[in-house]
Number of protein chains: 2
Amino acid sequence: MTARIIDGKAIAAELRARVADEVARVKRDHALTPGLAVVLVGHDPASEVYVRSKHTQTQAAGMASFEHKLPEDVSQADLLALIARLNRDPLVHGILVQLPLPKSLHTETIINAIDPAKDVDGLHPNNAGRLAGGLAALSPCTPLGCIILTKSVHASLEGMNAIVIGRSNLVGRPLVQLLLNENATVTIAHSRSRDLPKLCARADLVYAAVGKPEIVRGDWLKPGATVIDVGINRIPVPGGKPKLVGDVAFQEALGVAGAITPVPGGVGQMTVACLLVNTLRAACAIAGLPVPAV
Amino acid sequence: MTARIIDGKAIAAELRARVADEVARVKRDHALTPGLAVVLVGHDPASEVYVRSKHTQTQAAGMASFEHKLPEDVSQADLLALIARLNRDPLVHGILVQLPLPKSLHTETIINAIDPAKDVDGLHPNNAGRLAGGLAALSPCTPLGCIILTKSVHASLEGMNAIVIGRSNLVGRPLVQLLLNENATVTIAHSRSRDLPKLCARADLVYAAVGKPEIVRGDWLKPGATVIDVGINRIPVPGGKPKLVGDVAFQEALGVAGAITPVPGGVGQMTVACLLVNTLRAACAIAGLPVPAV
C-alpha cells in the first residue's frame, strides 16, 4: 500500500478561494472589508518572508492589509501604543504581531495587549481559555490547518483515536482542544512520554509537532493511519542547500500510512490560509454578522 | 490484592492544616489576612450546604470569610455591581460565585466579570487560558484535588499514562492541563470515545469524571492502577435514604486497582481545601509575595 499524499498546497488554495468568495459577499451585502494588520519588529529574514506572504495573500483574498514595520530597538511603550491604536481602529479586524520579538520586548505583555476579538493568531490567554472551555474562539492557525487537512481525508473524526506528539502553546495544546471539539479521543504525548512507538501504534490520527527531524518512524504507525506532519526541520546538506524534512520519516511512513502530509507542501501551506479564515471570522464577529463556516 | 484506599478526608485535613500554618505566617510576617468572598444567589439547598462548609473551613484556616446572599430574583446589573465592588475590595483576595445560578442570570457574563487574579474557582477564560498555556494560573479546585490525591500515592507522575474520562470545563479539561504540567502522558476520553474499556486498560492513572454511576468496571482496569473517582451520583434506595456512588464500580475495582478513592470520602473532601489553597495563593500573588507551595 502507498499512502495517499495530502496536497496542502491545493487544499490551501481552495480554502483561500472560499475565503475570497466570502469576503466578496460581506463587502457586497454589508459594506464590510475585513482588514488585517501585521506588525513586524526588526529584520529577521524568515519573518520578513512570512510577512510578505501574508500581505500578498491577504490582498489576493480581497481584504485590506496593513503593514507596520518597526525598528529592532522600538520601545515596549511604543509597540503597546501601536497595538492600542490598532485595537481601536475600525478598519482593522485582525492584529498579528510577528514572532519571535527581539529580546528587549516582553512577548507575553505584547500578546496580552491585543484585543482578544482581533487576536487572529489565537495566542491571547482569553482565546486559549475559550478554546479550552469549548467556547467560540479564535484558534491558532497551524492547528486549524491540521484539522482542515485531516477532514480532507475523514468527513468526521468522531470517536477516532488521535495522538498529538508535542505540547507547545502554538500547536500541540490548541490542537488537542480542536480535536476534542471534533469528538476525537485524544492522547497528548511529549518528550517525557514513555514508549512513544506503542502510543502511536494505536492511533488512527497522528499529529507530529515536536520539531525533531524524522523522529516518527514508519513502523510506529498503525496501518492506514492518517499522518499530519507539522515539523519543518532544516537538515544541512554538505556542499548544497539545506534540505527540509518533517518530524515523520516520510518514505518509511508512505508504505504504512493511509494518508500523509508531505514536508514541504503540507501543513505549512495552510497556516496563512487559516490566518485569512480567522481575519474573516473576526471581522464578521466584530460587525455582529454570523460567522461564516468556510 | 486489595487496593489501598486513598483517604481524602485525612489528606484534606492535612492540607487545611498546612494552609492554616501558611496563613498564620503571612499574617505574622506581612500583616496579610487572606479573604474569601462567597456569593450565593437564591436558596438551592445543596448550594447552601456548600457555602456554609466553605465559610466554616475558611474561618478555621484563619482567613477572613465574607458571605453575600442575594435573592433569587436579583438583577444581573446588581450582581455585576457587587462583583465590581469585590474586585476593588482590598480585603478580598478570592471571589467565588456559587453555581448553578438562577436561569435569569447569564453565568458566562458573571464569571467573566470576576477579576482573574481573584478567580479562586479558576473559571475565568483568562485562567483557563493561562493553565492551557502552561502558565501560572488559578486552577479549578476539583482537578487540583485530584492531583494532590494522586501524588499521595506517586511522588512523580512523569511519563505515566493517564486517562481522563469526561471533558467538562470544571473537571476533565483542566485536569488534562494539570496532568500535562506533571509530565504525564494524557488521554482524554468522553461519551463519543470508542472502546472505553480498552482505553482504560493501558492507563496507570484513571480519572473518572463523567457523572454516570459505576460506569467504570473493575475488569477495565490495569492491575495496580491508581483510580481517582470524581463522580458523586445519588442512587435511590427503595424506602431508604439515597446511596452515594461514584463513577467507578468500587467493590470490583478494589480487587484490581493499586489505589482508589472512595465515594464519599475521596475527591469530594478535597474541593474546599483546594479553594483555601487558591485563596492563599491569590492573596500572596496580589500582595506581590512568593506564592507558597503548600
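Within the stretch B:40-71, the set of residues being under 16 Å from the mean Cα position of the chain (by Cα) and surrounded by 14 or more Cβ atoms within 10 Å (Cβ to Cβ) comprises B:S47, B:Y50, B:V51, B:K54, B:Q57, B:T58.
A count restricted to the stretch B:264-294 and to residues that are in a helix (DSSP H, G or I) and touching a helix residue (DSSP H, G or I) at 6+ places or on another chain (Cβ under 8 Å) stands at 19.
Entry remark, the stretch A:256-271: residues being under 9 Å from the mean Cα position of the chain (by Cα) and either surrounded by fewer than 22 Cβ atoms within 10 Å (Cβ to Cβ) or not hydrophobic (A, V, I, L, M, F, W, C) (or both) number 2 in total. Taken over the stretch B:4-39, the criterion of being surrounded by 21 or more Cβ atoms within 10 Å (Cβ to Cβ) and touching a strand residue (DSSP E or B) at 6+ places or on another chain (Cβ under 6 Å) is satisfied by B:I6, B:G35, B:L36, B:A37, B:V38, B:V39. Given the condition within 11 Å of chain B (Cβ to nearest Cβ) and either more than 20 Å from the chain's Cα centre (by Cα) or surrounded by fewer than 24 Cβ atoms within 10 Å (Cβ to Cβ) (or both), answer yes or no: does some residue in the stretch A:208-225 qualify? No, the conditions are met nowhere in the stretch A:208-225.
Taking the criterion of being crowded, with 21+ Cβ neighbours inside 10 Å and of a type in the set (G, A, S), the residues of the stretch A:156-200 that qualify are A:A162, A:G166, A:G172, A:A184, A:A189, A:S193. If you check B:D204 against the conditions, is it farther than 22 Å from B:A12 by Cβ and at pLDDT 95 or above? For B:D204, the condition - farther than 22 Å from B:A12 by Cβ and at pLDDT 95 or above - is met.
The rows are residues; the columns are (1) modelled with pLDDT under 95; (2) part of a loop (DSSP other than H, G, I, E, B); (3) aromatic (F, W, Y).
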residue: A:G159; (1), (2), (3): no, yes, no
residue: A:V176; (1), (2), (3): no, no, no
residue: A:K198; (1), (2), (3): no, no, no
residue: A:P213; (1), (2), (3): no, yes, no
residue: A:D219; (1), (2), (3): no, no, no
residue: A:V227; (1), (2), (3): no, no, no
residue: A:G231; (1), (2), (3): no, yes, no
residue: A:R234; (1), (2), (3): yes, no, no
residue: A:K241; (1), (2), (3): yes, yes, no
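If only one of A:N183, A:N169 is outside any helix (DSSP H, G or I) and either more than 9 Å from every other protein chain (Cβ to nearest Cβ) or at positive phi (or both), which one is it? One residue alone meets the criteria, A:N183. Among the residues in the stretch B:253-261, are any touching a residue at least 60 places away in the same chain (Cβ under 8 Å), part of a strand (DSSP E or B) and not hydroxyl-bearing (S, T, Y)? There is at least one residue in the stretch B:253-261 that is touching a residue at least 60 places away in the same chain (Cβ under 8 Å), part of a strand (DSSP E or B) and not hydroxyl-bearing (S, T, Y). Just need a number here: residues in the stretch B:99-133 that are under 22 Å from B:L280 (Cβ atoms), within 9 Å of chain A (Cβ to nearest Cβ) and in a loop (DSSP other than H, G, I, E, B). Here the count works out to 2. Do the conditions hold for B:I148, that is, is it surrounded by fewer than 24 Cβ atoms within 10 Å (Cβ to Cβ), at pLDDT 95 or above, within 12 Å of chain A (Cβ to nearest Cβ) and not in a loop (DSSP other than H, G, I, E, B)? Considered against the rule, which asks whether it is surrounded by fewer than 24 Cβ atoms within 10 Å (Cβ to Cβ), at pLDDT 95 or above, within 12 Å of chain A (Cβ to nearest Cβ) and not in a loop (DSSP other than H, G, I, E, B), B:I148 comes out as no. Among residues of the stretch B:186-200 being farther than 21 Å from B:I147 by Cβ and polar (S, T, N, Q), the one that is nearest to the other protein chains (Cβ to nearest Cβ) is B:S193.
The single condition among (1) assigned to a loop (DSSP other than H, G, I, E, B); (2) within 13 Å of the chain's Cα centre (by Cα); (3) at the interface with chain B (Cβ under 9 Å from one of its Cβ atoms); (4) not charged (D, E, K, R) that A:A137 does not meet is (2).
If you go through the stretch A:94-113 and keep only what is crowded, with 22+ Cβ neighbours inside 10 Å and out of contact with any Ser or Thr (no Cβ under 6 Å at 6 or more places or on another chain), you end up with A:I95, A:L96, A:V97.
Considering only residues that are of a type in the set (A, V, I, L, M, F, W, C), within 24 Å of A:S139 (Cα to Cα) and in contact (Cβ under 8 Å) with a residue 24 or more places away in the chain, which ones fall in the stretch B:104-116? Hits for the stretch B:104-116 are B:I110, B:A113, B:I114.
Of all residues in the stretch A:236-254, none are buried (at least 16 other Cβ atoms within 10 Å of the Cβ), touching a helix residue (DSSP H, G or I) at 6+ places or on another chain (Cβ under 6 Å) and under 29 Å from B:G166 (Cβ atoms).
The values are calculated or read from the model by the stated rules, or taken from the named source; none is laboratory data. This one's a predicted model, so the numbers in the text were calculated from it and none came from an experiment. Because the Cβ atoms are built from the backbone with ideal geometry, glycine has one as well, and the counts that use them run over all protein chains shown.
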